[in-house]
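Q: The structure under discussion is supplied below as structure tokens; questions concerning it will follow.
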Amino acid sequence: MRNIYALLDIGSATIKLVVAEVLDTNVNVLYADKTASHGISKGYVANEEIASEDVKKIVAKANDYLGTTIGSVALIIPTIGSRIYQSDSSISLSDSGSKITSNDIRRILDLSARFKKEADEELVSVIPICFHHDQGSNNKVPLDIKSRNLAVDSLVVTSPKKLLYPFLRVVEYAGLDILDVSISAYACALEAFDEAYMNEGSILVDVGFKTSTISFYKDGYLKYLSVVPYGGNDFTRNIYQNFQISPEQGETYKIKYGSVFDRHSKDDIVHTVVYDDEKKDYSLADLHLLDREIAKAIFTKIKEKVELIDQGNNYEIILVGGGSELKLIPEVASQVLNAPVRLYRPETIGVRDMAYVSCLGMIYFMINKAKYQGGYEPSLVLDEITNTMSVRLKGLTRNNPAPQKGVNKILENLFNDE
């Protein structure tokens, strides 16, 4: 059976769906789509019924296109309120030593998850960082290595219950099972970064609709998370408030003309309003000035978080997210942050859009996890590949820059050790 999975990211502005086949460590994208999101506000589910209808529609469209039925999805949730913990655990295998099995790996990771959480948080992921056994220590899954003991250092990721549970219900109400869950920040990093980036130290800034997430990776794992309440919608708001137009027109102008550097004269008129019998012209130069002001304000807030991380190391900063799509925004970000900044855009044909970074990264999250937990059940069945959008390797490199229902059942399926 082919390893074909559906990846779902439900954001405040858009819902993204990618269907892809895993071929060894490569990814073959079969389908990708995004549509406007409703029922989600500032990263939280405001209306479960409306959000669920949106999920049903985007999945139904994919089903029609592929001629099949998607039964399950891997879900990416917002990073807002997520917490990260470092955990360690150990088990004894046998006095004489025995070969480490996938059951041993699952058992020791389950122990890593057993720590005292706050009452308002729920476990999302347990990510192994380093394994220790009789033959040494490394980050590779030590299957079939003979050892008397096994220990692991893990990264444990939690999410607020008030954020996580509604997202799980939205997917459940759409008639879909959940294969796995990850926070957006970690999924994005798995697509955008290779091992060198993760080890040497890099900062990922995901500029979303109304929030921006700052995450720091070093020594192979996620070390810091923070969110600021500013994003792409601030550009739109600044345009429509100053131009005295509707939010919809403001968004259109941002997408069509948006840039943070002025390359035009005042004669390049894009909009005219009449207020109290007085006509006012707005040029491209005016629009770009507004965009530049907001970009500086957003990255000034982001800088406050980055300074907590950097400590003079001048780590490279990678931008993802729809809010960073404005032309030349890395230049402004670099000036404000006083650090090297570059934009990451997927190279995969059909998904060369920053909106899909988290979905692509979720595939690699599943590939990594399958090494010790075994493969996932496919989201759908296709006898033959009907459409191949691309096959490619992932990320930036240093060298070449019958459904079970209910939230409790879903969590039990994701995190049991059987």
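Q: Residues in the range 333-343 that are crowded, with 17+ Cβ neighbours inside 10 Å and either within 17 Å of VAL29 (Cβ to Cβ) or in contact with a Pro (Cβ under 7 Å, 6 or more places away or on another chain) (or both): how many? Write out each step before concluding.
A: To start, the set of residues in the range 333-343 that are crowded, with 17+ Cβ neighbours inside 10 Å comprises 333, 336-337, 339, 341.
Next, only the ones that are either within 17 Å of VAL29 (Cβ to Cβ) or in contact with a Pro (Cβ under 7 Å, 6 or more places away or on another chain) (or both) stay: 341.
Final tally of qualifying residues: 1.
Q: Moving on to the next point. Restricting to the range 1-60, and then to whatever is of a type in the set (D, E, K, R) and under 23 Å from ASN368 (Cα atoms), can you tell me which residue is surrounded by the fewest Cβ atoms within 10 Å (Cβ to Cβ)?
A: Within the range 1-60, the subset of a type in the set (D, E, K, R) is 2, 9, 16, 21, 24, 33-34, 42, 48-49, 53-54, 56-57.
Subsequent filtering for residues that are under 23 Å from ASN368 (Cα atoms) retains 2, 9, 16, 21, 24.
Details: ARG2: 16, ASP9: 28, LYS16: 24, GLU21: 19, ASP24: 7.
Ranking the qualifying residues of the range 1-60, first place goes to ASP24.
Q: I need a count of the residues in the range 5-20 that are in contact with a Pro (Cβ under 9 Å, 6 or more places away or on another chain) and either more than 20 Å from LYS56 (Cβ to Cβ) or part of a loop (DSSP other than H, G, I, E, B) (or both).
A: Final tally of qualifying residues: 2.
Q: If I ask for residues that are under 19 Å from the mean Cα position of the chain (by Cα) and closer than 13 Å to ASP291 by Cα, which ones from the range 308-332 would you list?
A: Result: GLY323, SER324, GLU325.
Q: Which ones in the range 121-148 are of a type in the set (D, E, K, R) and either surrounded by 13 or more Cβ atoms within 10 Å (Cβ to Cβ) or touching an Asp or Glu at 6+ places or on another chain (Cβ under 9 Å) (or both)?
A: GLU121, GLU122, ASP134, LYS146, ARG148
Q: Report, by residue number, each residue of the range 322-341 that is part of a loop (DSSP other than H, G, I, E, B) and modelled with pLDDT of 90 or more.
A: Selection gives ASN338, ALA339, PRO340.
Q: Another question, if that's okay. Select the strands (runs of 3 or more DSSP E) contained entirely in the range 178-285, then report the ones holding at least 1 residues which are within 14 Å of the chain's Cα centre (by Cα) and among the charged types (D, E, K, R).
A: 202-207
Q: LEU164 versus (1) surrounded by 23 or more Cβ atoms within 10 Å (Cβ to Cβ); (2) aliphatic (A, V, I, L, M); (3) touching a helix residue (DSSP H, G or I) at 6+ places or on another chain (Cβ under 6 Å): which is the lone unmet condition?
A: For LEU164, the failing item is (3).
Q: For the range 95-169, list the strands (runs of 3 or more DSSP E) that sit wholly inside it and hold at least 3 residues that are modelled with pLDDT of 90 or more; which are they?
A: 121-133, 149-160
Q: Looking only at the range 371-379, decide whether some residue is more than 24 Å from the chain's Cα centre (by Cα), of a type in the set (Gly, Ala, Ser), surrounded by 17 or more Cβ atoms within 10 Å (Cβ to Cβ) and more than 25 Å from SER154 (Cα to Cα).
A: no
Q: Could I ask something else about it? Given ILE317, ILE298, which one is in a helix (DSSP H, G or I), of a type in the set (A, V, I, L, M) and either surrounded by 14 or more Cβ atoms within 10 Å (Cβ to Cβ) or modelled with pLDDT of 95 or more (or both)?
A: When all the criteria are applied, what remains is ILE298.
Q: So which of TYR282, TYR257, TYR240 ends up being closer than 19 Å to PRO330 by Cα and aromatic (Phe, Trp, Tyr)?
A: Just one listed residue meets the conditions, TYR257.
Q: All but one of (1) outside any strand (DSSP E or B); (2) over 14 Å from ARG169 (Cα atoms) hold for GLU53; state the number of the condition that does not hold.
A: (2)
Q: Out of all the residues in the range 342-385, which are polar (S, T, N, Q) and either part of a helix (DSSP H, G or I) or over 15 Å from LEU179 (Cα atoms) (or both)?
A: Those that are polar (S, T, N, Q) and either part of a helix (DSSP H, G or I) or over 15 Å from LEU179 (Cα atoms) (or both): THR348, SER358, ASN368, GLN373.
Q: Suppose we filter the range 35-50 for residues that are in contact with a Lys or Arg (Cβ under 8 Å, 6 or more places away or on another chain) and part of a loop (DSSP other than H, G, I, E, B); how many remain?
A: The total comes to 2.
Q: Can you find a residue that is closer than 20 Å to LYS210 by Cβ, surrounded by 15 or more Cβ atoms within 10 Å (Cβ to Cβ), among the hydroxyl-bearing types (Ser, Thr, Tyr) and at pLDDT 90 or above anywhere in the range 234-246?
A: yes
The values are calculated or read from the model by the stated rules, or taken from the named source; none is laboratory data. What you see is a predicted model; the values in this text were computed from it and never measured. Methodologically, a virtual Cβ is constructed for each residue, glycine included, from the backbone with ideal geometry; neighbour enumeration extends over all protein chains shown.
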